[in-house]
Amino acid sequence: MKTIMIQGTASDVGKSVICTALCRHFYERGYRVAPFKSQNMSLNSYVTRSGHEIGRAQGAQAEAAGIEATYDINPILLKPKGEMVSEVIVHGKRWADMPAMTYRARTLEEMLEPVRASLARLAEQVEVLVIEGAGSPAEINLKDRDIANMRVAELVDAPVLLVADIERGGMFASCVGTYELLTEEERKRVKGWIVNKFRGSKELLESGLAWLEERTGVPVLGVLPTIRMEVDPEDSLALQNMRGDQQAVGDKLDVAIVRLPYISNFTDFVPLSRQSACAVRYVQSVDQLGAPDVIILPGTKNTIHDLQWLKANGWMEAILQAYERGSFVVGICGGYQMLGRVLRDEGQIEGAGGVESGLGLLAVETDFVPVKETRQQTGCLLAEWADQVEVSGYEIHLGRTTRGKGVMPLLRWVDGREDGAISADGRVMGTYLHGLFDNGRFVQKWLQFIGDEKGLTLASDPAVDRQQVYADLAEWLRQHVDVERIERIMGIHTDR
């Protein structure tokens, strides 16, 4: 098995996108290729066909590689759910809620074993493994127990490429600083630099790149220009660039997504941001809300906590008043639970627990239970305006929600069970289905319904062809990075 590992000088420098592009490149070259990330900390997750939960970025990378995602490509997933506490998911299943210091103390003794087991299985299945690091390999306070960067490279004897983000400034200092903080043996593994998110004339950068090569003795293999990324973002840092104070103009639909403290799977709404009929913004305070056409309550890793946050910060009144003025309200997963009458977590399943009243916009009640539902789903919409449109996606939740008498469900799964709820006027709906807005026919019908209610003409754009996105990413990489040299570094010398 040939390997390459992509590490970075910091988080959100573009490691995931470059790994996705490399997976597609090797797939197009005819290799059996798979992605791998030993330990991922992310609230954006993906459910495999077998019902296992992994990082969403690895799910996308598996699509790009032309394989079915399994828990082996991301054996450990950490999902922050409280102050210094994360849900630890091992081989796709909930293992424990654990404080950061406890997890750190047990990392090498317990967490390295599932990583080794997954690598061994992948070695028997694929020819090429594209490995993604996490954060930076030079975090001195974490380095001795880090199982996401150089220790993984050592396990499979992988050469390492370091990615740097020039857009944020200070790139040369971050490159040299990262390199100098590595041990001598680790520096020997570093075979190249990739500069990402560059704007402007490359000629202005060349003297700096020459200096970097001379200073470190490591070649620069390419400079990637900033492009509009159609790949879902993995890191919550991506939310920092999504402003919430800009209202929609003209005939666009103003879609305000409440940025909850423990927001999860915000990738649910990337397809909406690609719709020319929608102006999507993330709002952090009531002052930013304005008078949106649509308010979305997203998923959350700690529903009771975030519901209390809504109440403490004036959101409950603001959302109810907006609904009375004509806003549509949508809740996904934890957001769906909040739209109900009551939420009960007396067993402290998700966090501190307790019983909280919800917004009461849907006559449903939620009880939290220890067993997590993780499954891919397919079904059809039951709303009158939806015309039995088929949808697919996935569920990830601990709550069990019960509809009150006479409440209309939103969806019916292929096995006959029903999910979600929709108000009598159709302006409030909630569901456990992540990926709802990835369904182009649903988006078309939904926008048409809102447009009819508001007297607007809201045409939907076609859904993004994800396979074409992956092909474009691979071509983008080949145009700007010396991929042939990367293959030689990996020991790949034959044409396919």
Accessible area (Å², per residue) of the chain, counting only protein heavy atoms and a probe of 1.4 Å
41
Using only alpha-carbon positions, what ratio does the radius of gyration of region 92-178 give when scaled by 2.2 N^0.38 Å?
1.28
Express in nm, to one decimal, how much length is gained between GLN448 and ARG375 on full extension, taking 0.36 nm for each residue of separation and deducting their alpha carbon distance.
23.3 nm
Output the antiparallel fraction of DSSP beta bridges having both residues in the chain, as a percent to the nearest 5.
50
In terms of the alpha carbon gyration tensor, root eigenvalues a ≥ b ≥ c, rounded if a/c is under 1.5 and otherwise prolate when a/b exceeds b/c or oblate, region 337-435 is oblate
For the Cα atoms of the chain, what angle does the longest principal axis make with the long axis of helix 171-181, in degrees from 0 to 90, nearest 10?
70
Working from Cα positions, state the angle (0 to 90°, nearest 10) between the long axis of helix 15-28 and the longest principal axis of the chain.
80
Rg and Dmax [Cα atoms of region 249-395; Å; Rg one decimal, Dmax integer]:
15.6, 48
Taking LYS188, LYS15 and ranking on accessible area (1.4 Å, protein atoms only), highest first, one gets LYS188, LYS15
How large is the Kirkwood hydrodynamic radius of region 418-496, counting all unique pairs of alpha carbons, in Å?
16.9
In whole Å, what is the distance between the alpha-carbon centres of region 388-451 and region 97-164?
38
Work through the residues other than ALA138 whose Cβ is under 10 Å from its Cβ and net out their charges, Lys, Arg +1 and Asp, Glu -1.
-3
Using protein chains only and a probe of 1.4 angstrom, how many square angstrom of LYS454 are accessible, to the nearest 10?
70
Using alpha carbons only, how many degrees (0 to 90, rounded to 10) separate the axis of helix 315-324 from the longest principal axis of the chain?
60
Rh (Kirkwood; distinct C-alpha pairs) - the chain, Å
23.7
Express the carbon and sulfur contribution to the solvent-accessible surface of region 18-150 as a percent, rounded to the nearest whole number, probe 1.4 angstrom.
53
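The values are calculated or read from the model by the stated rules, or taken from the named source; none is laboratory data. Note that this is a predicted model, so its numbers are computed, not measured. Positions of Cβ are backbone-derived with ideal geometry, glycine not excepted, and every protein chain shown enters the neighbour counts. Ligands, DNA and RNA are stripped out before the accessible areas are found, and what is left, the full protein with its side chains, is counted by its heavy atoms. Shrake-Rupley method; radii C 1.70, N 1.55, O 1.52, S 1.80 Å.
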